[in-house]
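The values are calculated or read from the model by the stated rules, or taken from the named source; none is laboratory data. Owing to the predicted nature of the structure, the values given are computational and were not obtained by experimental measurement. A quick note on method: Cβ atoms are made from the backbone with ideal geometry, for glycine too, and the neighbour counts reach across all protein chains shown. Heavy atoms of the whole protein, side chains included, go into the accessibility calculation; ligands, DNA and RNA do not. Shrake-Rupley method; radii C 1.70, N 1.55, O 1.52, S 1.80 Å.
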Amino acid sequence: MVETLSIAVIGAPGVGKTSIIRQFIYNDFTEAYTPTRTRYVFRPSVILNGNMYELKILDVPPISSFPASASQEWLDLRCRGVRNANAYILVYDICCVESFEYVKMIKQQIVENREGSSSEVPILVVGNKRDLQRQRFMPRRAVSVLVKKTWKCGYVECSAKFNWHVVLLFKELLGIAVARGMRQNHTSIRLQGALQRNRCTVM
């Protein structure tokens, strides 16, 4: 029986959420920017420690706030499935402080409104557009310390454009999930990279 892990990918407009997902699944990137207007679900499979898992990756359009209740979630088609996700990837643009503030707001709302123990929900903050390093608004180390020490979240920087650290961020997220006891198998994660058209990643 194949287990399913639901991962919600959330971020402000233009930060590269969809580009990160498409690089992970299809090894594909396009320069043309197309705003995400509706929720889209990607279903790649990964092999983790010899076991296969289906990932349900929710590409969430920009939302004004994390749904505070189940009824609010179901009233807004963009939010369906977000409250009950097994893990969250919060994406910001390292050159845009407003996108970082958006991630900060969403992270806090997850903690306040998430059903069950929010401390057990893996949250990975991802700084995208590392290829524009010289234009960043804050040094990487300062952001990393803030996110890891104060927010108690994982942190990875990547470049969706150049497929740099994209697979690594999904490995990091699953590593957090294992560390917090979501998976019974606690052996090390081995990452070999994305296979092609079968949309399966060996981890």
Please work out how much accessible surface V125 shows to a 1.4 Å probe, ignoring ligands, DNA and RNA, in Å² rounded to 10.
0
Phi to ³J(HN,Hα) by Karplus 6.51 cos²θ - 1.76 cosθ + 1.60 over the range 162-170, Hz, x for Gly, Pro:
9, 6, 9, 6, 5, 5, 4, 5, 6
With the cut-off at 23 Å, report for the range 1-118 the share of all Cα pairs above it, as a whole percent.
31
Low-density loop positions, chymotrypsin sites (Phe, Trp or Tyr not before Pro), the range 1-45 - DSSP coil, at most 15 other Cβ in 10 Å:
Y33
